[in-house]
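Written out below as structure tokens is the structure these notes cover.
Only the coordinates and a few stated rules stand behind these numbers; no lab work does. Note that this is a predicted model, so its numbers are computed, not measured. Cβ coordinates were reconstructed from backbone atoms using ideal geometry, including for glycine residues, and neighbour counts include every protein chain displayed.
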């Protein structure tokens, strides 16, 4: 239950910030958080396959794997979303004062 409360809180924060006039970056993060359950399903399958190959099948594998898959799904989706955002953003957007952005100085003779 705490997992769903955290996911809901993160989703609501992203949705609130995405409604702002320039909330394009937050909309991409909102999509990433919305797709966390899909990522968790994929990661549970991958982690169970790795666990069955390495340690052999066990009956308590799914309850032990699920929390790791949930956190890994959330973190992976948000990291991929931020990588996409950084590649889409222009380079000068993150600099506070660039020399090329300043107007040329007036020269008095």
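Based only on other Cβ atoms within 10 Å, what is the fewest-to-most ordering of 46, 33?
On the way: 46 13, 33 20.
Lowest to highest Cβ neighbour count: 46, 33.
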Take every Cα-Cα pair in region 2-88 and report what % of them are more than 22 Å apart.
-> 36 percent
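At a 10 angstrom cut-off on C-beta neighbours, averaged per residue, how do the peptides 56-66, 73-83, 14-24 rank from highest to lowest? Display every interim value, and only then the final one.
Numbers: 56-66: 11.3, 73-83: 15.8, 14-24: 13.0.
Taking the mean over residues of other Cβ atoms within 10 Å, the ranking is 73-83, 14-24, 56-66.
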